[in-house]
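> Questions regarding the structure given below will be posed in turn.
The values are calculated or read from the model by the stated rules, or taken from the named source; none is laboratory data. Bear in mind that the values here come from a model prediction, so they are computed numbers and not experimental data. Here the Cβ positions follow ideal geometry from the backbone for every residue, glycine too, while neighbour counts run over all protein chains shown. Surface areas here come from the heavy atoms of the whole protein model, side chains and all, with no ligands, DNA or RNA. Shrake-Rupley method; radii C 1.70, N 1.55, O 1.52, S 1.80 Å.
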Amino acid sequence: MDVLAQVSATTKALQSFTLTMMDDHLQSCVADAIAQSGDTAQEKIAEASQAIARMVRS
């Protein structure tokens, strides 16, 4: 049971880290790309959407 509790805690920590990293990416890379407009903005938005979809499916 202790191992399962540790696995659960580790999973939650990794999920939290993933959300923090995604938030940082959205606030920096994606926001900068949107401010500059053009194809790069669409690419960054698509990249972020794909990453979010992967997170939701896992």
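> Read through the labelled values (i) 1.13; (ii) 1.19; (iii) 0.92 and report the label of the one computed as Rg/Rh (Cα atoms, Kirkwood Rh) from the structure.
Of the labelled values, this structure produces (ii).
> Then there's this: Per DSSP helix of 4 or more residues, -39500 (n - 2.57); summed, then divided by the residues of the chain. What does that give at 222 nm, rounded to the nearest 500? Provide the component values of the computation, followed by the final result.
Values: 3 runs with 49 residues, N = 58.
Value at 222 nm, helices only, nearest 500: -28000 deg cm²/dmol.
> Taking a probe of 1.4 Å, how large is the accessible area per residue of the chain, in Å²? Mind showing how you got there, number by number?
On the way: 4670 Å² over 58 residues.
So the chain comes to 80 Å² accessible per residue, rounded to a whole number.
> How many nm separate the modelled label positions at residue 2 and residue 55, each set 7 Å beyond the Cα in the direction of the Cβ?
For the pair residue 2/residue 55, the computed spacing is 3.3 nm.
> Enumerate the calculated ³J(HN,Hα) couplings along region 34-41 in order (Karplus 6.51 cos²θ - 1.76 cosθ + 1.60, θ = phi - 60°), each rounded to whole Hz, writing x wherever the residue is Gly or Pro.
Listing the rounded values in order: 5, 4, 7, 6, x, 5, 4, 4 Hz.
> Still on this structure: Could you state the angle between the C-alpha long axis of helix 2-25 and the longest principal axis of the C-alpha atoms of the chain, as a value from 0 to 90 degrees rounded to the nearest 10?
Around 10 degrees separate the two axes.
> When the accessible area of the chain is split by element with a 1.4 Å probe, what percent falls to carbon and sulfur? Don't jump to the answer; show the numbers that get you there.
Values: 2760 of 4670 Å².
The C+S portion of the solvent-accessible surface of the chain is 59 percent.
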